[in-house]
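The values are calculated or read from the model by the stated rules, or taken from the named source; none is laboratory data. Bear in mind that the values here come from a model prediction, so they are computed numbers and not experimental data. Here the Cβ positions follow ideal geometry from the backbone for every residue, glycine too, while neighbour counts run over all protein chains shown. All accessible areas refer to the heavy atoms of the entire protein, side chains included, with ligands and DNA or RNA removed. Shrake-Rupley method; radii C 1.70, N 1.55, O 1.52, S 1.80 Å.
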Amino acid sequence: VGSKFGGGGPASQQETDRSRKDRLRALALEHVDLSRDPYLMRNHLGGYECRLCLTLHPNEGNYLAHTQGRRHKSGLARRAAEDKLRREREGGVSEGPSVAPGGLGAGGRR
């Protein structure tokens, strides 16, 4: 409706959504530095893996879309909560194994 025969016609909703996703993915890849992402790992097949969620992705754009998703964000929240709990348990103790005066590590047995 409203277009000439052979003129391509109006884009369907699916085509419009696909082109919008492609544009947003390309724009995000320009502005995001994936080399600094601690969870991104390239595997031997040339794909990408998220070490936080243990998911496989065929390209950087797909991985980038994954980082905006629910699963990755909930994994980040879980990791942040675990780190906070770990820091509270340590209570300002320096990094590394603590050594008791007897020469054994904390919790060690004889």
Give all pairs with beta carbons closer than 9 Å in which a residue from the stretch 79-97 that is modelled with pLDDT under 95 meets a residue that is open to solvent by 70 Å² or more (accessible area, probe 1.4 Å); count only pairs at least 6 apart in sequence or on separate chains. Pro97/Ala106
How many of the residues in the stretch 1-48 are modelled with pLDDT of 85 or more and either in contact with a Pro (Cβ under 7 Å, 6 or more places away or on another chain) or among the β-branched types (Val, Ile, Thr) (or both)? 2
